[in-house]
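Please read the structure below before turning to the comments.
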Amino acid sequence: MPAVQETVERVKRIDVDQYRYGFETQIESDKAPKGLSEDTVRFISEKKNEPAWMLQWRLEAYRRWLTMTEPTWARVNYPKIDFQDLYYYSAPKPKKTVTSLDEIDPEILKTYEKLGIPLREVAMLEGVEPKPGEQDPARRKIAVDAVFDSVSVATTFKAELKKAGVIFMPISEAIREHPELVQKYLGSVVPTSDNFYATLNSAVFSDGSFVYVPPGVRCPMELSTYFRINERNTGQFERTLIIADKGSYVSYLEGCTAPQRDENQLHAAVVELVAHDDAEIKYSTVQNWYPGNSEGKGGIYNFVTKRGDCRGDRSKISWTQVETGSAITWKYPSCILRGDNSSGEFYSIAISNGFQQVDSGTKMIHLGKNTSSRIISKGIAAGKSQNTYRGLVTAHRKATGARNFTACDSLLIGDKCGAHTVPYIEAKNSSATFEHEATTSKISEDVLFYCVQRGLSQEEAVGLVVNGFVKDVLQQLPMEFAVEAQKLISISLEGSVG
Amino acid sequence: MALLEVKDLQVRVEEREILHGLTLTVNEGQVHAIMGPNGSGKSTLSHVIAGKPGYEVTGGQILFRGEDLLEMSPDMRAAKGVFLAFQYPVEIPGVATMTFLRTALNAQRKARGESEYSTPDFLRKVREVSKSLNIPQDMLKRGVNVGFSGGEKKRNEVLQMALFEPSLCILDEMDSGLDIDALRIAADGVNALRSPKRAMVVITHYQRLLNYIVPDVVHVMSKGRVVKSGGKELALELEASGYAQFEDAA
């Protein structure tokens, strides 16, 4: 069955107010008291058995945060967040130290089962055409570091990764086991003072993933983390740090779902990537957090800071994102092109429906010589949503021969939504070549009628047209995500046409 | 039973009546031509039969094999065998023609309760049909109508007609935007699809198209009604004397 039809089948089973992943797991959790103070920060640090330097780092961030104010420049509206009315730490109570899946709370495993997340080894790509440069896709594997409400409860594939010398573990563990690496790199891309939400994250981050790929190693599998927000009113403060040493390669996948809530939930993650000489990092995200109900109530506030540092010459960082969820998205995965001949890429699909608000884009900061960047952004607005692309491309004085190509396309469905493009372009040397293309179009009645005249239903028609619109970006996703993303896109647009 | 019966059809667009009681009967195996000046309601008729939104039917009925067509959604009409070849086929960027054809064909089959084509079966069928119409495989890999010439767009319509095997084909101003060679190629494709089981309604301004697709019946429309019907010689008569005489009659 073609994906479009399959999607429609699935969509039909979903009531608008019945977010597919909107169930709640009944497990005991271990919470910090409500509100934020130095004591909260100490509580979190103590819970994690952190060394003193880590606590100091957090406290400095916290003190800095007290002096900062929330940014208001994004094109999003929401009631003021009471930061004292949130819980900053919540973890499933561990029964004992976990050594295998059997020991994990069956409730948690059941949740993962409902989400369709594989915790066991999977060889998903049987019979799929290999991508250029990959000989044996059937043997590609995915390692899952499952983040459940802030604490990593299961980490698979450790042994195989260890053999390759790849470190892939919860960041809380890395702080204890590889302090020299964490100390060296944490905050080196997104400093603790970077912005309001990143600073908040630095003070209270709960957990996240840590990846280190040693020189010359091609990571033997796709690394994947699933985030899930479960505890009511718990802010999620994930922290991810990925380091690709000289000549190494790693592909990291991130996918998210969250249960339905009436209260708005805050999520402020920080992701830092570091690529040394000749290293390459590919970071892909599929995000479908609860967007709020049909009246615009509830939904996740997603204020994320993601930044990659192409620190070495000829290094490369590529961001691919499919954003379909959250009530508010504020997210600009960026690349600092520091090394000579380094390159950055940003491929994005941002879909908004209902009352969702998206303000997303990227920053490409050209510092090294002959650096290049490429931005392909596809924004789709439906319902009463607002969808903004905000991007910065800048070349500094010494960045001779910097090149950028940007294409921003927006698609409108219906007449109550809005799409906006806000590009900032700065070239401080005359040898930079920056190209910017932008289009805004509407799915016309004529196109829809053409499709239904050929037998497609309205929903199938919208799904088909939209999937065509985002094809350039979908092709950038790893195969296993591309299929999922295609379905997700159609599901996200359910009910967008009368 | 007639394949298509349009009885006393009255249609409005934004409070303005376009069709004022139009009647038309088309039997299986027949080719009908509908001619008339701009604004006579020819395209409106084709749109209403296919179910395009934006038209309000205020009176009359349309029966397709005796079933009330106006009660059906446009995609259901397509599944029942109503095909409209567009005057200006739309472009759908990023959707390969092949994907589009398969999605549409399987949607129709599913709506009729038939099994969907598997990929190899579908590919075999498309190859066979496109070969018979001299359509290069390369065209099927491109986005639907994206960057197609006027002639290619019309051939893509004919290809779909051949693939979906509808029982009623409505060709809306098929000759617009085509040079004489492209017109002949498209018309050859249409002629190949003439069959005793299939009826065609050819809508056109000009007699020229009817040199290539020779109709059994010609209707002249003016001001929202059929004002005269006759054999293929009526088209030649029109070519010589113009529409003015009928405008007075209406």
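The values are calculated or read from the model by the stated rules, or taken from the named source; none is laboratory data. All values reported here derive from a predicted model rather than from experimental measurement. Cβ sites come from the backbone with ideal geometry, for glycine too, and all protein chains shown count toward neighbours. These accessible areas exclude ligands, DNA and RNA; they are computed on the full protein's heavy atoms, side chains included. Shrake-Rupley method; radii C 1.70, N 1.55, O 1.52, S 1.80 Å.
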> Name the residues in region A:222-247 that are at pLDDT 80 or above, buried (at least 24 other Cβ atoms within 10 Å of the Cβ) and among the small types (Gly, Ala, Ser), would you?
Replying inline: A:244
>> Just to check your reading of the model, which residue among A:206, A:202, A:150, A:172 is at pLDDT below 50, open to solvent by less than 20 Å² (accessible area, probe 1.4 Å) and hydroxyl-bearing (Ser, Thr, Tyr)?
In response: A:150
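Is it true that residue B:95 is within 10 Å of another protein chain (Cβ to nearest Cβ), in contact (Cβ under 8 Å) with a residue 24 or more places away in the chain and among the aliphatic types (A, V, I, L, M)? Steps first, answer last, please.
Working: within 10 Å of another protein chain (Cβ to nearest Cβ): yes; in contact (Cβ under 8 Å) with a residue 24 or more places away in the chain: yes; among the aliphatic types (A, V, I, L, M): yes.
So residue B:95 fits the description; yes.
If I filter region B:25-32 for residues that are touching a residue at least 12 places away in the same chain (Cβ under 8 Å), closer than 25 Å to residue A:467 by Cβ and open to solvent by 20 Å² or more (accessible area, probe 1.4 Å), do I get at least one hit? Let's see the steps before the verdict.
Initially, region B:25-32 is screened for residues touching a residue at least 12 places away in the same chain (Cβ under 8 Å), giving B:25-32.
Retained after the next criterion (residues that are closer than 25 Å to residue A:467 by Cβ): none.
No.
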>> If I ask for residues that are out of contact with any Ser or Thr (no Cβ under 7 Å at 6 or more places or on another chain), over 20 Å from residue A:332 (Cα atoms) and free of Cβ contacts under 8 Å to residues at least 60 places away in the same chain, which ones from region A:49-78 would you list?
In response: A:52, A:56, A:63, A:66, A:67
> Restricting the first residue to region B:112-124 and requiring it to be closer than 22 Å to residue B:82 by Cβ, which pairs with a second residue that is at pLDDT below 90 meet a Cβ separation below 8 Å and a spacing of at least six or different chains?
Replying inline: B:116/A:1
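Among the candidates A:342, A:294, A:284, A:318, single out the residue that is open to solvent by less than 10 Å² (accessible area, probe 1.4 Å) and more than 15 Å from the chain's Cα centre (by Cα).
Values: A:294 fails: open to solvent by less than 10 Å² (accessible area, probe 1.4 Å); A:284 fails: more than 15 Å from the chain's Cα centre (by Cα); A:318 fails: more than 15 Å from the chain's Cα centre (by Cα).
Of the residues listed, the single one that is open to solvent by less than 10 Å² (accessible area, probe 1.4 Å) and more than 15 Å from the chain's Cα centre (by Cα) is A:342.
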> Are any residues in region B:224-242 of a type outside the set (Gly, Ala, Ser), surrounded by 18 or more Cβ atoms within 10 Å (Cβ to Cβ) and at pLDDT below 85, and if so, which ones?
Replying inline: B:238
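How many residues are in contact with a Ser or Thr (Cβ under 6 Å, 6 or more places away or on another chain) and surrounded by fewer than 24 Cβ atoms within 10 Å (Cβ to Cβ) when one looks only at region A:355-364? I'd like the intermediate steps shown before the answer.
Restricting attention to region A:355-364, the residues satisfying the condition of being in contact with a Ser or Thr (Cβ under 6 Å, 6 or more places away or on another chain) are A:356, A:358-360, A:362-364.
Those still in the list that are surrounded by fewer than 24 Cβ atoms within 10 Å (Cβ to Cβ) too: A:359, A:363.
Count: 2.
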>> With without any contact (Cβ under 8 Å) to a residue 60 or more places away in the chain, of a type in the set (Val, Ile, Thr) and under 25 Å from residue B:51 (Cα atoms) as the only criterion, which of B:202, B:190 stands out?
In response: B:190
>> Of the residues A:60, A:70, A:50, only one is modelled with pLDDT of 85 or more and under 23 Å from the mean Cα position of the chain (by Cα); which?
In response: A:70
> What is the residue count in region B:103-121 for residues that are more than 10 Å from every other protein chain (Cβ to nearest Cβ) and surrounded by 14 or more Cβ atoms within 10 Å (Cβ to Cβ)?
Replying inline: 1
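Determine whether residue B:146 is part of a loop (DSSP other than H, G, I, E, B), within 12 Å of chain A (Cβ to nearest Cβ) and either touching a residue at least 40 places away in the same chain (Cβ under 8 Å) or of a type in the set (A, V, I, L, M) (or both).
Against the criterion (part of a loop (DSSP other than H, G, I, E, B), within 12 Å of chain A (Cβ to nearest Cβ) and either touching a residue at least 40 places away in the same chain (Cβ under 8 Å) or of a type in the set (A, V, I, L, M) (or both)), residue B:146 qualifies.
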>> Please go through (1) without any contact (Cβ under 8 Å) to a residue 40 or more places away in the chain; (2) small (Gly, Ala, Ser); (3) buried (at least 17 other Cβ atoms within 10 Å of the Cβ) for residue B:81 and return the number of the only condition it doesn't satisfy.
In response: (1)
>> I want to confirm something. Restricting to region A:471-494 and keeping residues that are open to solvent by 10 Å² or more (accessible area, probe 1.4 Å) and of a type in the set (Gly, Ala, Ser), which single residue is modelled with the highest pLDDT?
In response: A:482
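Condition check: at pLDDT below 70, over 30 Å from residue B:115 (Cα atoms) and surrounded by 16 or more Cβ atoms within 10 Å (Cβ to Cβ). Does residue A:27 satisfy that? Talk me through it step by step, then tell me what you get.
On the way: at pLDDT below 70: yes; over 30 Å from residue B:115 (Cα atoms): yes; surrounded by 16 or more Cβ atoms within 10 Å (Cβ to Cβ): yes.
In short, yes.
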> Of all residues in region A:442-470, which are open to solvent by 20 Å² or more (accessible area, probe 1.4 Å), in contact with a Leu (Cβ under 6 Å, 6 or more places away or on another chain) and more than 7 Å from chain B (Cβ to nearest Cβ)?
Replying inline: A:442
